[in-house]
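A short worksheet on the structure shown next.
What follows is calculated from the coordinates using simple rules that are stated; it is not laboratory data. Bear in mind that the values here come from a model prediction, so they are computed numbers and not experimental data. Quick reminder, even Gly has a Cβ in these numbers, built from the backbone with ideal geometry, and neighbours come from all protein chains shown.
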Amino acid sequence: MSSNAEVYEKICEYLEKSGVTERAMNAFIRTMKLAYLDGSKAIIMPENIFKGNLVRDKYLELIREGFFHVLGFDVEVSIEYENVSNETVDKVNETIEIVAQKHIELENTYSNAKYEYTFATFIKGPSNDFALAASMSIIDKENLKNTQLKNNPLFIHGNSGLGKTHLMYAIANASIKQYPNMKVIYVSSETYGNEFIESISHNKTEEFRHKYRKADLLLLDDVQFFSEKVKTQEELFHTFNELYNSGRQIVLTSDKPAKDIKLLEDRIRSRFEWGLIAEILPPEKETRAAIIKRKAELLGLNIGDDVVDTLAEMIKTNIRQLESAVKKIKALEHFQQIQPNVAIAQGIAMDILRDEEFSPITVDKIIQKVADVYKITVADIRSSKRSKDISMARKISAYIIKEITTLSLKEIGEKLGNRDHSTMIYAITDIQNLITTDENTKNLISEMIKNIKSSLS
């Protein structure tokens, strides 16, 4: 390449492919210039200090990746300013400090407004009243005496963001309050699995078993995580049997019914379904409105019924999205003194729903789709195995993740078995070269991307 401008243009193209929005590119990235470049150092000059600080905080790591991608070697990248006096820098730093203080004030508002995860703060409605009643029955004395005959295990399922974890914490908190001597364990299934693997590697499986098999109440969140994990399922099977047979309570949550969890052993699936099954559905409008009002009250935010009605009408399937909308309205009021109105609520709801269009495309789902095509497991792709099929599936996974998500190369490497970003660059470059030279590979990957997007839309 004959000029710094050409190098920087290639880097901009890389950033665009990496998911930097057009707005950010035009407002911040493309307004900078590559002022200096040698074999070890690059200096970028922005239009002003505000833009420079923003790019340094948000995009500098990605820009470094861009230099590596374009040049083939690492360079030290710094952002420097032209013709800026110390007085100007001081004023800018003072402004940044004021803005930072505003952020601290807002974050304090949020942290002070956290819901207490109790039955009293759970917003009840027709969509969740059975799950709430079933959860409250767990701490009933009669149920605790006769767990094998009544609600053991309690299996709560429903989509993400509907309150399953809230109910789990409510059960735990109420149990500890009413029965101080009860041994209550709440754990996510991912943590349970990781602890089990850790116990094997350190020869501490007996300690692990003692911890969980001595629980009076075991609350296990997101059991769909156990899909594929054969050894962990086997361990859970024995823990489940010991707790159940000794009359101790088990509560499970999942984002889907047990029968729909792929690669779950039949003996585990049947035990999940032994007791009481409660489904949480998306909240109806009245419940959504109550949730919005509750969140606004906790944040000290005064919003009219027309704003509440707008948000409740537009955001229909996810409680976390409703809470996010209220937080965004609070932020606008805090930073810009913009009072909530219907137009503001509509704009925020549309932004949240637009973001949601892409949220199902998670790395785990992408890797699973690629693994299915190559008839291997997700664990194989994330492992150190180097067979031809596994290596190819790993490279294709990296390429597709880069194509349809906004993750950085460092983050992709972490998701694919803690590989470094340079390994990801080589993997993605290899696939890019294959696509240009091998029509079959090109068609295969194109079809996989299409299937991933359509199945997750």
Under the 7 Å Cα-to-Cβ spin-label approximation, residue 45 and residue 285 lie apart by a distance in nanometres of 5.9
Just grab the label-to-label distance for residue 364 and residue 159, each label 7 Å out from Cα along the Cβ direction, in nm (one decimal).
1.8
Given H placed 1.01 Å from N in the peptide plane, which residues other than close sequence neighbours of residue 77 have an amide H under 5 Å from its amide H?
42
Around residue 24, what is the net charge, scoring Lys/Arg as +1 and Asp/Glu as -1 over all other residues with Cβ under 13 Å from its Cβ?
+1
Only bridges with both residues in the chain count here: give the DSSP antiparallel percent, nearest 5.
15
Nearest 10, in degrees from 0 to 90: the angle of helix 388-404 to the longest Cα principal axis of the chain is 70
Sequence-distant or interchain residues sharing an amide H contact under 5 Å with residue 35, placed H: which?
43, 44, 45
If you find the alpha carbon centre of region 205-241 and of region 152-184, how far apart are they in angstrom?
17
What nm distance separates the two modelled labels at residue 56 and residue 385, each placed 7 Å from Cα along Cα→Cβ?
4.7
By how many nm would the segment from residue 404 to residue 191 grow when fully extended, if each residue of separation counts as 0.36 nm and the alpha-carbon distance is taken off?
73.9 nm
DSSP bridge orientation in region 145-293 - percent antiparallel, rounded to nearest 5
0
Computed over the chain, the Cα gyration tensor eigenvalues, each multiplied by 5 and square-rooted, give semi-axes in Å (largest first) of 44, 33, 20
Tell me the trypsin sites (Lys or Arg not before Pro) within region 1-85 that lie in a loop according to DSSP and have at most 16 other beta-carbon atoms within 10 Å.
30
Taking each pair of distinct Cα atoms in region 123-264 once, what is the resulting Kirkwood hydrodynamic radius in Å?
15.6
Take every Cα pair under 8 Å in region 1-61 that's 6+ residues apart, average their separations, divide by the length, and report that relative contact order as a whole percent.
25
Step by step: find N for region 254-350, compute 2.2 N^0.38 Å, then divide the Cα radius of gyration by it. What's the final number?
1.47
The chain - percent relative contact order, Cα under 8 Å, separation 6 or more
13
Mind jotting down the distance between the C-alpha centroids of region 256-328 and region 380-417, whole Å?
33
How far, in degrees from 0 to 90, does helix 49-58 lean away from the longest principal axis of the Cα atoms of the chain, to the nearest 10?
50
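Tell me the trypsin sites (Lys or Arg not before Pro) within region 252-359 that lie in a loop according to DSSP and have at most 11 other beta-carbon atoms within 10 Å.
Those satisfying the criteria are 262.
Sum -39500 (n - 2.57) across every DSSP H segment of at least 4 residues in the chain, then divide by the residue count to get the 222 nm mean residue ellipticity, nearest 500.
Here the helix-only value at 222 nm equals -18500 deg cm²/dmol.
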If you plug each phi of region 434-443 into the Karplus form 6.51 cos²θ - 1.76 cosθ + 1.60 with θ = phi - 60°, what whole-Hz ³J(HN,Hα) values come out, in order, with x for Gly and Pro?
4, 4, 7, 10, 10, 5, 5, 5, 4, 5
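Given +1 on the Cβ of Lys and Arg, -1 on the Cβ of Asp and Glu, and no further charges, what dipole in debye does the chain carry about its Cα centre, rounded to the nearest 20?
1440
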